[in-house]
1. Wholly within segment B:1-97, which helices (runs of 4 or more DSSP H) include no fewer than the required count, namely at least 3 residues that are more than 22 Å from B:I111 (Cβ to Cβ) and within 12 Å of DNA strand C (Cβ to nearest atom)?
2. Taking the stated definitions as given, is B:E64 away from chain A (no Cβ under 11 Å), under 30 Å from B:V39 (Cβ atoms) and touching a helix residue (DSSP H, G or I) at 6+ places or on another chain (Cβ under 7 Å)?
3. Which of the residues that make up segment B:22-48 are open to solvent by 40 Å² or more (accessible area, probe 1.4 Å) and closer than 11 Å to B:Y8 by Cβ?
4. Do the conditions hold for B:E81, that is, is it more than 10 Å from chain A (Cβ to nearest Cβ), over 19 Å from A:E81 (Cα atoms) and acidic (D, E)?
5. Kindly indicate which of B:A99, B:A133 is within 14 Å of chain A (Cβ to nearest Cβ) and of a type in the set (G, A, S).
6. With the requirement that a residue be of a type in the set (D, E, K, R), open to solvent by 10 Å² or more (accessible area, probe 1.4 Å) and within 16 Å of the chain's Cα centre (by Cα), what does segment B:49-98 give you?
2 protein chains.
Amino acid sequence: MTFSEENYLKTIYHLMAVSDADISTNAIAEKMETKASSVTDMLKKLAEKELVNYIKYQGVSLTEKGQLAAKMIVRKHRLWETFLVEKLDFSWDEVHDLAEQLEHIKSEKLINKLDDFLGNPTEDPHGDAIPDASGRIIKIEKQLLSEMEKNRVGICVGVKDTSSDFLKYLDKQEIALGSQIEIIEKESFDSSFRIRVETKEITISHKIASNLYIK
Amino acid sequence: MTFSEENYLKTIYHLMAVSDADISTNAIAEKMETKASSVTDMLKKLAEKELVNYIKYQGVSLTEKGQLAAKMIVRKHRLWETFLVEKLDFSWDEVHDLAEQLEHIKSEKLINKLDDFLGNPTEDPHGDAIPDASGRIIKIEKQLLSEMEKNRVGICVGVKDTSSDFLKYLDKQEIALGSQIEIIEKESFDSSFRIRVETKEITISHKIASNLYIK
DNA sequence: ATATTTTTTTAGTCTAGTCTAAAACAATTT
DNA sequence: AAATTGTTTTAGACTAGACTAAAAAAATAT
């Protein structure tokens, strides 16, 4: 499997996690910042290899085989991210691009040994689930902060957006995985939130609230 | 810099360490298991980028810039090998192919953090020197066992051949880096050696002796 | 129901890196 | 010195993966 094939599978996998319906050529092209015609070419190739179900003009979905392959790439990505943060002391906003490279290293043995070395973590530094060697995922029930009621209290367990900008903002506000968060007030005018992070009270926009997972 | 360019640079670097003279197109082709015509194409490209000095029909050598780039690839290769053996518990015969992949990961910061994590080692698991962040190499004076006199005693500090077959043979004979080795007898008929490894006496062929570095 | 717009696919082009076959050059032998 | 052999380069073809432009299909608007 080439780097490019792996990147397409991963993208389709992530899009399927959001949408249920078949994934459109354009959706893939947009997410990968490539052209629809390139996507069509690759979909044919992946269909040939029985990694996706593809019908002209009707979008794609992953086959069982494709799903497993995608999960293994996600597994690698998230284990490498964990390694970078836990062992090499990178901050959580730096690791994505590096993991994009490392996820393509081909060796089951390596990734399983890395998994053991890290103590078989079930979540990466952004709170996303790490599939195990057979593709199983332990998913925790979590909620977007934006969907929670006033006065509810919870723990920050993940982020939806993992862009460097967003993560740096969270660092600045001292919001981290594990932080206790209480909703003090919801401002109906602009949908902003007044929250308490541990002992500190701050105001966050709706956009921020809709990218924080709480449990 | 592409993977392919990096592989050519590394190959030229290794060939230069042995030969002094300019490196021939065929020598590169043979080492890389590719065709001479492909090598010519790439040499033109590398010359264009001022990474090699290349004159038609007269072979190549690395420029300063090329040398530094090559050293950085070797640095990455050897640090990753060290990581795999020291931290992930791979054996020394398994790590080469994995390091061939990992050496192409692009990030200075990553490799420097990995270096620190490993305690800034100066040698990899095969006894080869690891260039530091600026390309400096601490070279230890070492000798091939095959070039040593009878009755000399030394410590095994490296291997010349790093093939899996050879390394597995050494494991079987319980020869490792750090093993004390004494030359008991040199057999002039077949150039084989009778040696003592720590407390155990064994006979090794000339081929084996000429792939073991002793200090 | 037809026209328009959007999406998707096809057809053809480009680049990097490889290859084969042939030509050019260098080294060796006679 | 000429002929042979070996090495290196050139010329042209191929593949993967991207692209543009045009055609085809689907979705939407009139």
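The values are calculated or read from the model by the stated rules, or taken from the named source; none is laboratory data. Computed from a predicted structure; not experimentally measured. Because the Cβ atoms are built from the backbone with ideal geometry, glycine has one as well, and the counts that use them run over all protein chains shown. Please note that ligands, DNA and RNA were not included when accessible areas were found on the heavy atoms of the full protein model with its side chains. Shrake-Rupley method; radii C 1.70, N 1.55, O 1.52, S 1.80 Å.
1. B:25-32, B:36-48
2. The answer is no for B:E64.
3. B:K31, B:M32, B:T34, B:S38, B:D41, B:K45
4. yes
5. When all the criteria are applied, what remains is B:A99.
6. Within segment B:49-98, B:K71, B:K76, B:R78, B:D93, B:E94, B:D97 meet the criteria.
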